[in-house]
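Below is one structure, written out as C-alpha cells; comments come after it.
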Amino acid sequence: MKRNKILSKLTSISRVFVFIWFMVSCSADNRIIDAPILFNEERKELTLQYLSERYGLEQTEPTINPKMIVLHWTVIPTFEESFETFNSASLPNRPDIKAASALNVSAQFMVDRDGTIYRLLPETTMARHVIGLNHCAIGIENIGGTEDFPLTEAQVGSNIWLVNYLSKKYKIAYLIGHYEYTLFEGHELWLEKDDGYRTAKDDPGADFMKKVRDGTLKNDFKPSTRIQQVEIE
C-alpha cells in the first residue's frame, strides 16, 4: 500500500513537470506573433537574383543558413508604418541602394517599442537588411531609434529573449549591430562582390548592443578579429 502511494505521488509529480514543459514550449511559440510581409513570386525572383548578383550564389530557393544575428532600428515610429515600408516586393524611394538591387529591404523579425515580437519572414528565408551578409544573417528590426522615439528597455528584453531563442535553434556564431557590418570585410562570411557598395550605419547604437550582449553571454558568440581590435582600442 505504501509503495503504491509513493508510485502514485511520483506519477503526479511527473505529470506536473510534463505540464510545465508543455507550457514553456507553448509560451516560446506564443511569444512570437506571425505577421508575414508579402513574399510573392516577384520577391522570390528578386531575392534569388540578389543572391546571384551580389554573392555569386546560384540557388533555386531563397533560403539561408543562419550563422549570424544582426540588430537594427527602423527610425520609423510605429509597427504599422514599418510593416508597410517592408511589405512591397520592390524597393521604393531608396536611390542610395536601388542601383544594387530592386529587392525591397526587410528583416525576419520586428520588435515593437512595447516589446512585442513579430516574425515577418520565415527565419531561413533571406531578407535584405545587411550588405555582404544577408546570405547567413537573421535580421531583427526595432521600431524607433530617434530622439522622439528611442529604443526601450522592453525592446532590450525582447531582443535578449529572441537572440537566445534563435541561438537554440541554429548554430549562431555572431551577434552584431548593423553599424558593425563592415568589420566583416575580408571574413569568410563576407560575400559582397562590389567593393564600392557600402552604406554608413549607426543602428541600433552601442548602448543597446551592450545590453543585449550582456544578456546573451551564455551563447559565447565569436567576435571577428577586427571587432576584437576595435573593442580593445
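The values are calculated or read from the model by the stated rules, or taken from the named source; none is laboratory data. Predicted model, so just to flag it, every value in this text is computed and none were measured. So basically every Cβ, Gly included, is an ideal-geometry build from the backbone, and we count neighbours across all protein chains shown.
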Residues that are over 15 Å from Ile131 (Cα atoms) and among the small types (Gly, Ala, Ser), drawn from the range 44-63
none
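Residue check: is Thr74 surrounded by fewer than 16 Cβ atoms within 10 Å (Cβ to Cβ) and within 19 Å of the chain's Cα centre (by Cα)?
Answer is no for this residue.
Quick grid of which residues meet (1) among the polar types (S, T, N, Q); (2) out of contact with any Phe, Trp or Tyr (no Cβ under 9 Å at 6 or more places or on another chain); (3) under 26 Å from Leu189 (Cβ atoms); (4) touching a residue at least 60 places away in the same chain (Cβ under 8 Å):
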site	(1), (2), (3), (4)
Phe79	no, no, no, yes
Glu84	no, yes, no, no
Ser101	yes, no, yes, no
Asn104	yes, no, yes, yes
Ile117	no, no, yes, yes
Leu120	no, no, yes, yes
Arg128	no, no, yes, yes
Phe149	no, yes, no, yes
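For every residue, the table says whether it meets (1) modelled with pLDDT under 95; (2) under 22 Å from Ile33 (Cβ atoms); (3) assigned by TED's automatic domain parsing to the domain that holds Thr63; (4) loosely packed, with under 13 Cβ neighbours inside 10 Å.
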site: Ile140; (1), (2), (3), (4): no, yes, yes, no
site: Ile143; (1), (2), (3), (4): no, yes, yes, no
site: Gln155; (1), (2), (3), (4): no, yes, yes, no
site: Glu180; (1), (2), (3), (4): no, no, yes, no
site: Asp207; (1), (2), (3), (4): no, no, yes, yes
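Restricting attention to the range 161-188, which residues are under 20 Å from Val130 (Cα atoms), hydrophobic (A, V, I, L, M, F, W, C) and assigned to a helix (DSSP H, G or I)?
Taking the range 161-188 and keeping what is under 20 Å from Val130 (Cα atoms), we get 162-163, 166-167, 170-188.
Keeping just the survivors that are hydrophobic (A, V, I, L, M, F, W, C) gives 162-163, 166, 172-173, 175-176, 183-184.
Leu162, Val163, Leu166, Leu183, Phe184 - these are the residues of the range 161-188 that are under 20 Å from Val130 (Cα atoms), hydrophobic (A, V, I, L, M, F, W, C) and assigned to a helix (DSSP H, G or I).
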Check whether at least one residue in the range 57-69 is in contact (Cβ under 8 Å) with a residue 12 or more places away in the chain, surrounded by 14 or more Cβ atoms within 10 Å (Cβ to Cβ) and more than 20 Å from the chain's Cα centre (by Cα), and report yes or no.
yes
